[in-house]
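Here's the structure, in structure tokens; my notes come after.
Any read-out appearing in this document is the output of simple, stated calculations on the displayed coordinates, not a laboratory observation. Not measured: the values here are computed from a predicted model. Neighbour counts run over all protein chains shown; Cβ positions are idealised from the backbone, glycine included.
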Amino acid sequence: MPTVADVLWTMLAEAGVRRCYGIVGDALNPAIDALRSNGGIDFVHVRHEEWGVFAAVAEARMSGRPVAVCGTAGPGVSHLINGLMDARKEGAPVIAIAGDVETAIMDTDGLEELNPYLFFSAASLYTGRLVDPKQLRAVATSAITTALAEQGPTVISLPGDVAAAEAPGPAPSIVVPNTDLGSAPDADIAAMAEIIEGAGTVAIFGGEGCARARDQVRALADKLHAPVGYSFKGKQWLEYDNPHAVGMTGLLGYGGCWEAINHADVLLMLGTDFPFPQFLPQKDVRVVQVDRDGRRLGRRVPLALGLVGDVAATLDRLLPQLSPKNDDAFLRKCLKKTEQFDKQLRHYVEKGPQLKQIRPEYLVATLDRLADDDAVFTVDTGTACIWAAHYLHFGPKRHMFGSLTWASMASASPNAFGAKMAFPDRQAIALCGDGGFSMLGLGDLLTEVQRGTEIVHVILNNGKLDFVWIEMQEAGLQPWGVDFRNPDFAKVGEALGAKGVRIEHPADVEQGLKEALSHRGGPVVVDVVVDPYALSLPAHVPAATAKGFTLSMAKQALSGHLGDVAKEAAHNVRLL
């Protein structure tokens, strides 16, 4: 007779699960034995459970299928939590099978015992503890349908004795919920049209919610002569082949986006929950927000109108109600600002080969040029996001993923693995910070080697937590506690069985990247020693940020670090 674990894996497979990431051990052993017997779900034995969950998040988001992860009782389970938080923030249907202590010793402070309800409460949309085989259908179905219907992580806490027990019956069928959302109500759309009709100028700011609304946003911008700005998540959907594109705002910002969204009469926020309100209009601009999740409406900025609905479906119903606007002066002004900023962005790219040190701008622009048109890029939190925002270009088949809402370190390497599992025939390129790669990427490089997974890791080796260094200066602080000594990552990679490429001079960047991108049969570690003083200033610098930088420079100079201040200024003279 099949066991509880046998039936559980059958139910997961029927729901679309094709892969499980995790580490085996004690409480989880009966579940893993059932997974072995199942044969329909690939088990990725990782070196660290957190790495496995980050991989699962990327695979689930990019494939559209649920993905399983697992860890054994206590410490193994606790390693899942950061990745599950990321899954919740990124909206990824990840189902965790959490090993639990045997039912006979529950609530006795036993070895490796923890309360799954309390522990997973911040991350999990649903947590069920299977303490009786008769619960199997209800708990497993709840975990699966919640993960799919709400697009987020769920947890099944599974004691070893229950996993090994006889199942109460065969696997029940799973009804996969349809999560498509229609348009906003007609009355709200009519109110939105009235606001737009009464405006002289309109700007659009879009996010990930525009992933399936690109054509509608383009049609709306055409009709209104509206500049289109976007969040980092929205960039890959709204920038390419868009004559209305004016870049991004925020600390990653470039182009005329800030001017567009802060100086228009009406701002349309479409499918974005941009979390930096200091860069959004707080007065004098009427803001209309459309989002599929009503909880997001108005929490960043005061709204004139909020609509709950799918962006594409809502715009389809809105467009026929709008009259074309004839004046394109505002659009042309924002596009001119974007063009001017683009020239500034190109300076260190064009001068890159002649400089003594490798500028990150030159590195990432060259990577962008050499990568396949259908490559998948993953980016670490930190300055990797800055350079990716400014210098990577996307298209119908070229995409990007990262921990962009939870903003965890060390996600790029496992995200790239998950992306490769989702799209095995496409290039997977991880743009890694040196801090993030040494935190989590190195251990599971062994996993990539063992499976022969073709991933190119490009490491920004500057010997410090670069984004934190910038943050401290913005806050008026003297940077401290952010530097560290790195190994030669290429040699470490080779010792672990990967191909290693070390790039120390600008003249070697192009050839080194070509060598890495053409490698087959396993992962590549590209260790790029970049200019540690390279800065990037956003298109709009708030007064508080400028004041903080000035104060930080003074503190550094007065504390004996005048040389560093001079180098930073000299290395970024075209930005200052």
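Rg over Rh of the range 419-511, using C-alpha atoms and the Kirkwood radius, what does it come to? Each step should come with its number before you reach the end.
Details: Rg = 15.5 Å, Rh = 15.0 Å.
Ratio of gyration radius to Kirkwood radius for the range 419-511: 1.03.
Show that you can apply the helix-only estimate: for the chain, add -39,500 (n - 2.57) for every DSSP H stretch of four or more residues, divide by all residues, and state [θ] at 222 nm to the nearest 500. Mind showing how you got there, number by number?
Numbers: 23 runs with 229 residues, N = 576.
Result for the chain, helices only: -11500 deg cm²/dmol.
First measure r as the distance between the Cβ atoms of R295 and N115, then evaluate 1/(1 + (r/R0)^6) with R0 = 22 Å and state the FRET efficiency to the nearest 0.05. Approximately 0.20, to the nearest 0.05. Label separation (R65 vs E14): 1.7 nm, computed from points 7 Å beyond Cα along the C-beta direction. Proximity of backbone amide H atoms, modeled 1.01 Å from N, is registered between F401 and F377, T378, V379 at under 5 Å, excluding neighbours fewer than 5 places apart on the same chain.
Tally Lys and Arg at +1 and Asp and Glu at -1 over the other residues with C-beta under 14 Å from the C-beta of Q282: what net charge comes out?
Value of the local net charge: +3.
Rounded to 0.05, the FRET efficiency of the A104 and E166 pair, given R0 = 25 Å and the Cβ-Cβ distance, is 0.90. Summing Cβ point charges (Lys, Arg +1; Asp, Glu -1) relative to the Cα centre of the range 249-360 gives a dipole of roughly 440 debye.
For the chain, take the longest principal axis of its alpha carbons; what is the angle in degrees between that and the long axis of helix 562-571, to the nearest 10 within 0 to 90? That helix lies at roughly 80 degrees to the long axis. Which parts of the range 210-245 would a label at D180 reach, counting a residue when its backbone N lies under 12 Å from a point 7 Å out along Cα-to-Cβ? Zone members listed by number: none at all.
With +1 on the Cβ of every Lys and Arg and -1 on the Cβ of every Asp and Glu, and nothing else charged, how large is the dipole of the chain about its Cα centre, in debye rounded to the nearest 20? Write down the numbers at each step before the final one.
Values: 52 positive and 68 negative charges, 303 e Å.
Once rounded to the nearest 20, the dipole reads 1460 debye.
Couplings 3J(HN,Hα) of the range 338-352, computed from phi: 5, 5, 5, 5, 4, 5, 5, 4, 7, 4, 6, 6, 5, 8, x Hz, in residue order, whole Hz [Karplus 6.51 cos²θ - 1.76 cosθ + 1.60, θ = phi - 60°; x for Gly and Pro]. Less than 5 angstrom separates the built amide H of I455 from those of V524, all sequence-distant by 5 or more or on a different chain. For the chain, what percent of Cα pairs sit more than 46 Å apart? So the portion of pairs separated by more than 46 Å is 19 percent. Across the range 496-513, rounded Karplus estimates of 3J(HN,Hα) from the backbone phi angles (6.51 cos²θ - 1.76 cosθ + 1.60, θ = phi - 60°) give 8, x, 8, 7, x, 10, 10, 10, 10, 10, x, 5, 9, 4, 5, 5, x, 5 Hz, Gly and Pro being marked x.
With the convex hull drawn around the C-alpha atoms of the range 490-529, the volume per residue stands at 44 Å³. Loop-located trypsin sites (Lys or Arg not before Pro) in the range 113-170 (DSSP state not H, G, I, E or B) with no more than 16 neighbouring Cβ atoms inside 10 Å do not occur.
Loop-located trypsin sites (Lys or Arg not before Pro) across the range 480-540 with a Cβ neighbour count of 12 or fewer within 10 Å are R485, R520, with loop assigned by DSSP. Enclosing the Cα atoms of the range 75-152 in their convex hull gives a volume equal to 78 cubic angstrom per residue.
Just the number, please: percent antiparallel of the DSSP beta bridges in the chain, rounded to the nearest 5.
Working: 3 of 69 bridges.
Around 5 percent antiparallel, to the nearest 5.
In a reduced charge model with +1 at each Lys and Arg Cβ and -1 at each Asp and Glu Cβ, the range 385-509 shows a dipole moment near 380 debye about its Cα centre. Figure legend: label point modelled 7 angstrom from the Cα of V541 along Cα→Cβ; residues of the range 350-367 with amide N under 19 Å from it are 360-361. For the range 363-407, the Cα-based Rg and Dmax, in that order, read 10.3, 30 Å.
Using a cut-off of under 19 Å, list every residue of the range 150-192 whose amide N is near the label point 7 Å from the Cα of S323 along the Cα-to-beta-carbon line. Answer for this model: 190-192. Were the residues from D483 through V468 laid out at 0.36 nm apart, the gain over their Cα-Cα distance would be 4.4 nm. Inter-label distance, D374 to A219: 2.8 nm, where each label sits 7 Å from its Cα along the C-beta direction.
Quick one: net charge of H263's neighbours, Cβ under 11 Å, K/R +1, D/E -1? Here the count lands on -1.
Phi angles of the range 201-218 translate, via the Karplus equation with coefficients 6.51, -1.76, 1.60 and θ = phi - 60°, into HN-Hα couplings of 10, 10, 10, 10, 10, x, x, 5, x, 9, 4, 10, 10, 4, 5, 5, 5, 4 Hz per residue; Gly and Pro are given as x.
Express in nm, to one decimal, how much length is gained between Q344 and E494 on full extension, taking 0.36 nm for each residue of separation and deducting their alpha carbon distance.
Numbers: separation 150, 0.36 × 150 = 54.00 nm, distance 3.79 nm.
Taking Q344 through E494 to full extension adds about 50.2 nm, to one decimal.
As a calculated quantity, the FRET efficiency between D316 and D425 at R0 = 22 Å, using C-beta atoms, amounts to about 0.10.
A simple spin-label model places pseudo-atoms 7 Å from Cα toward Cβ; at A475 and D241 they are separated by 4.4 nm. Using 0.36 nm per residue and subtracting the Cα-Cα separation, the extra length available between R212 and A304 on full extension is 30.6 nm.
Size check on the range 1-132: the Cα extents along the three principal axes, sorted descending, read 42, 37, 26 Å.
Using 29 Å as the Cα-Cα cut-off, could you pick out the over-long pairs in K283/K337; K356/K397; K343/K514? Walk me through the numbers on the way to the answer.
On the way: K283/K337 23 Å; K356/K397 35 Å; K343/K514 26 Å.
Result: K356/K397 exceed 29 Å.
Coordinate range of the alpha-carbon atoms in the range 235-360 per principal axis, descending: 54, 34, 28 Å. Normalised Debye scattering of the range 65-195 at q = 0.18, 0.19, 0.22 Å⁻¹ gives log10 I(q)/I(0) of -0.96, -1.04, -1.28, counting only Cα atoms as equal scatterers and leaving out solvent. Distant-in-sequence amide contacts of S157, defined by a placed amide H-H separation under 5 Å and a gap of 5 or more residues or a different chain, comprise A98, G128, R129, L130.
With a sphere of radius 14 Å drawn around the Cβ of Q511, what net charge do the other residues whose Cβ falls strictly inside it have (Lys, Arg +1; Asp, Glu -1)? Provide the component values of the computation, followed by the final result.
Numbers: positive: R369, R502, K514; negative: E504, D508, E510, E515.
Taking every other residue near Q511 into account, the sum is -1.
A straight line joining the Cα centroids of the range 388-447 and the range 279-343 runs 30 Å. For the chain, take the longest principal axis of its alpha carbons; what is the angle in degrees between that and the long axis of helix 4-14, to the nearest 10 within 0 to 90? With both axes taken from Cα atoms, the answer is about 40 degrees. The angle between the Cα long axis of helix 543-558 and the main principal axis of the chain comes to about 90°, on a 0 to 90 degree scale.
Taking trypsin sites (Lys or Arg not before Pro) across the range 223-292, the ones in a DSSP loop with at most 11 further Cβ atoms lying within 10 angstrom of their Cβ are K283.
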